[in-house]
Structures are given as structure tokens and as C-alpha cells.
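Encoded as C-alpha cells, the structure appears first; notes follow it.
Nothing in this text is a laboratory measurement; each read-out follows from the coordinates by a stated rule. Keep in mind it's a predicted model, so treat the numbers as computed, not measured. Glycine also receives a Cβ, built like all others from the backbone with ideal geometry; neighbour counts cover every protein chain displayed.
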Amino acid sequence: MKAKTKNISIVLYKPKYAGNIGSVARAAKNMGISNIIVVGKTDFDREEMQQRSTHLAADVLDQIQYFEHINEALGSFSYIVGTTARLGKARGPFIAPRAAARDISDISQKNKVALLFGPEDTGLANEELCLCHAVVTIPTSREFTSLNLSHAVMILCYEIFIASSAATTGAQATPKIIAIRGVGRDVRADQNVACRFRIYKS
């Protein structure tokens, strides 16, 4: 199902650098999302943001909403997806970006969805993750798990974009399986996705 991007917002909780906000705006617009919310301080350097976003995403910067407190920022959302690189029993269960994208595409049809990202240096704390209906973790090399903020935003938004594209192309997105002589077994990948269940508005 094609995501309703007008119902999807990127929420940046206490970002530290203006340039990263600009890069997030560019990444978001690349993937058809134009709603950004910033929680925390509001006095970011506009010129630095625009240098990173380029003039083509200046309209996304113009529409940024600023809130002082996270509860206020998230108050209007029915479904909140948190993101984290730090794993732990108290922080999960976790869901992969691709699986999350399918859920987001469906839920966004009639609900406002927030994609919540934490500060560049610490990410989201347990307190913020407790506000989320689902928590996404992006697979990386064990040698270096930290992603740039805009890169993390791009990956999740890209998966939403691809999930929507697959939904609109229908059968064309599914390749034809060609029988090969001597090969008689089916190969399937069963995905067991852990997801937290909460009631959201419809």
C-alpha cells in the first residue's frame, strides 16, 4: 500500500548541529517526505541548514515545526516509530527498517505517523523509546554501529519509499521464477518480526 507521506513526520529530538538538520531535510525531500519537527532548542543557524539542504529543499526548512518538549511534539501522532543503534532487553523488541516500512505505509493511510530520531551523540534514551509503538534498529557492521543522523533518516525513508513503490507496481515488483533442470526445491525466507502492540487511533 502506498504510504500517505503527508501523514508522516520526521521528529528530531534535541539535534545538536544545524547542518544535520539541513541534511535531514534534503534526505526527506528525496524520499517524498516534507514534514520535520525539531524538539529542543530553536536557534539553529539557517544559513548552515540551507547549505546542507540545498535550495531545492528550502521549502522543507521553511515548514519545520519547533517544540520545547517531546510530549508536546508527539501529542498529535497516533503511531510513533523510534530508532536506536543501542540494543538491550529494556529497549526492544526491535523491528528491521524494511518490515517497519510496510507497517508505516499501511498505518499512514488513516493515522499520523512520527519517525523519532535521537541526538547525534547519545541517540534516544529508554525514556523516549517508551513513548514509541515500535523501535527500529538499522543493521550495521559490528565494528562501527554509529550512523550519521541524516543517513539513518534516509535509510528509513528510503524503505518507506520502496515499500510504496512496490505496492503501486504490483505484479511487476515480483520476479518470475524460472525452473532450472535438476533443481526441485523451493526456497523461502520466513521473517519473524518482533513488534510491540499498542492501540492507535483509526
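Data overview
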read-out: Order of PHE161, PHE117, PHE67 - criterion: other Cβ atoms within 10 Å of each residue's Cβ, fewest first; value: PHE67, PHE161, PHE117
read-out: Sparse-neighbour loop sites [GluC sites (Glu not before Pro); region 26-75; at most 16 other C-beta within 10 Å; DSSP]; value: GLU68
read-out: Computed label-point distance, nm, for sites ASP45 and ASN30 using a 7 Å Cα→Cβ extension; value: 2.3 nm
read-out: Whole-angstrom Cα spans of region 5-173 along principal axes, big to small; value: 45, 37, 36
read-out: Loop GluC sites (Glu not before Pro), region 78-155, which have at most 15 other Cβ atoms in a 10 Å radius of their Cβ (DSSP); value: GLU143
